[in-house]
Every structure is written in structure tokens, then in C-alpha cells.
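Take a look at the structure below.
Throughout, read-outs are computed from the coordinates displayed, never taken from laboratory work. All values reported here derive from a predicted model rather than from experimental measurement. When we count neighbours, we look across all protein chains shown, and the Cβ atoms used for this are built from the backbone with ideal geometry, even at glycine.
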């Protein structure tokens, strides 16, 4: 799990950092609870200004990818629900409600199809 | 005063002790001189490459060579100091009056030597400010990334066992009618060695974390892996020194307990032969452990698991 910074790149260093951390989280290399390096340490390792690393961390936090637990440091957050998972949750709620109303499975699908066509 | 001690030492320390000390000091000087020989330097780098299981890119060669040379010179300097300190200890406690003190000297040479090597290996690390790409670990590194669990538990357990034995030694007069006085009434090698073992354990626990926390300004993943290899080697050397001293401390403590309880026996655990045997077993175990590369490659499993295997040796 390596972070790289290319100082000659047109992409600002904070963005390079942010994009890489997100990529590591999405690939599963950084799992929930992974402790990130301190701002000062990462800034020293990558020869960046601490503010640059702090900005990347702040944007990652705003994006819901990491969380800061006071002096304990920054940690990777549990992955936010994906679109697929949210859609499945909504479909489950819909199917359960229609089952309560006594609607048949075929009619349940037909209602959705009609709604989509309209 | 030091002159008086020195002149007394010359006559009171056995010739066999001086001979072994001379050989060990000679080997320290030889090691120091050998680090200036290009062929030896190449061998040192190749050995580091084999132990770490990493290929050596051209750009990393000076860094690895400098660290290896520092480590060997640190070992020879530490070993020299260890021999001198051991001679003083042998003189003050009379360790060679009833036999050879070879293992005593050898122990001091190896333990202080390893400690010197560990300190020197990381002391001269220079931060780089290259203009190209830079790499860093994406997660916070810990001591556990460099030292396997069994070694951490082993060294802590050995030093705590040493303290427990010393505790028994100190409490002995309370529960037992002794024929010889023990610490604090009389000087105790076991207590001195236990104190040094605790100091080395602290050096590992605190110094190891300081080494881990030092910034790594590296230009490639392989360079970063090499830096981790150097750190790992230095920390594992601290572990080895604390473990050896702790093991010797346990034996000294048991020996003093045995002598205090049954002073006339002379044999068994309190004998010079048994000390020599124990010392050789401990030093042999330490040497065998240093040959095994699994601990030296632990950092690759924890920090560079996704890097895969690379050809070993200078490239």
C-alpha cells in the first residue's frame, strides 16, 4: 500500500494523494479501520508541506472516506453504501410492502414496469 | 586510581583471559580494516540483499553499502567496548579465578557489539531531497511491522523472567537461612546484568519506535523496501542484544541463588563448567537465529506484501 507523488505532474499533490487513497480504499487494499500516517510524517516522507497533506485528509474526510478520531489519528471509514446496495435496500422495502398488501409477485413487477414506462 | 586498578588487573586477571581478550580486540580491529576493502564491501551488500530477499537497484547501492559498513564498524566498536567492560567485570568479580572466563568475554563482545551495530546502522541515515517521484507507506507503520510477534514476546518474556529471578534472589534472605550474603549486602553480577537487560529492553521498546517513526524520503518502492530492511535489521539487533543479556541474567541469577543456598557444593548450576555450557548454548542459539532469514524478511510480509518476489542480488 504505497502512495506516490510526482512533483512534475500537472495534478496538484493534494489531489494526487486524495485520488490514490480513494483508489486504495475502493480496491480493498485499505480496509475500514486502517490507520493513516500522521500529517507530519506523510508530509516529511513525501517532501510536501503539512498543509498539503492536511488538505487531502480534509477532503477525504468530507467525502466520507476517512474519519479523524482526535489524537488517535485518521482512519479509513467503513465503506459507504454503494448505489447497488442502496437500490437493493429500496427494492426490498417495496417488495415487503406490496407483500403486506397481498399483491402477487407478477403484479409487483408490473407496477414497477408501468411506473418506469410512464 | 584508575592506574592502580589497571596495574592490579594486569597481575590478577588470568593469562587465558588476556589472551582471549587480545584475540577479540584483534578481530575488532580486523573487522574495521576489512570494511575498507572493496571486495568485502561487495560481499556485505550481496549478503544484505540475500538476507532481505530484495534485488538491489543501482540507485540504492550507496545507501545499502553505507548502512552495512556503518553496521559492521558499529559492531567492531561495540565489541571492543564490550571486551574492555567484560575484563573490568571479570577482574572485579574474579570470574576467572576458578576457570576460564572466555564465555564472559565472548558474551560482552557479542552483546555490546550487536548493540553498537544496531545504533550505528540507523544513526547515519541521511534524509534525501530528490526532485523526482517520491513514495511513502499509505498506512501508519508500527514496531510489529518490523519485528515478528514471537521475537517481541520472547525478548519481553526473557527480561521479565530475569527480573523475577533477581526478585527471588533479593527476597531469599527473608524466607531462607542463607550461608552467603546476597544482594544488596554483597555485589551481584545478576543484578547488574538484569539492570542492563532492562535498559536494552527499553532501548528496543523506545529506540525501536523512534526508528520506526523516522521519516523515509524515498524515490521508489524498492528504495523504500531497502530502507525498511535496514530499519528491520537494526531493530532486530536490539532485540537480539536484549534477549542475550536477559538470558545471561537469568543464568547468573540462578547461579547466585544456588551458591547462596548451598555454597559448599560447587557443582551443578553454580559451576564454571555449567556457566560455560549455558553461555555457549545461548550464543549458539543467537547465532543460529541470526542465520535464519524469516525474521529479517518479516517487514516484507507486513509492509511490501503486494510487491511480490524479486530477484536477489545486485542488479
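Some points to look at:
- Distance in nm between pseudo-label sites at residue B:92 and residue B:40 (7 Å out along the Cβ direction from Cα): 3.2 nm
- Angstrom value of the Kirkwood radius, inverse mean 1/r, which spans all Cα pairs in the protein assembly as shown: 25.8 Å
- FRET efficiency for the residue A:26 to residue B:181 pair, using the beta carbon distance and R₀ = 60 Å, is estimated at 0.30.
- Kirkwood radius, the range A:22-98, all distinct C-alpha pairs, inverse of mean reciprocal distance: 14.3 Å.
- Calculated [222 nm] ellipticity per residue, helices only, for chain A: -18000 deg cm²/dmol; basis is -39500 (n - 2.57) per DSSP H run with n ≥ 4, divided by all residues, nearest 500.
- In degrees, nearest ten, helix A:83-100 long axis to first principal axis of chain A (Cα): 20 degrees
- In chain A, the longest principal axis of the Cα atoms and the axis of helix A:50-62 are about 10 degrees apart.
- Likely footprinting exposure, B:243, B:175, B:251, fewest C-beta neighbours within 10 Å first: B:175, B:251, B:243
- Cα-Cα separations in the range B:138-252 greater than 21 Å, expressed as whole percent: 48 percent
- For the pair residue B:16 and residue A:68, label points projected 7 Å from Cα toward Cβ lie 6.7 nm apart.
- Approximate spin-label separation residue A:113-residue A:10, in nm, with each point projected 7 Å along Cα-to-Cβ: 4.9 nm
- Residue order, fewest to most surrounding Cβ atoms within 10 angstrom, among B:151, B:256, A:61: A:61, B:151, B:256
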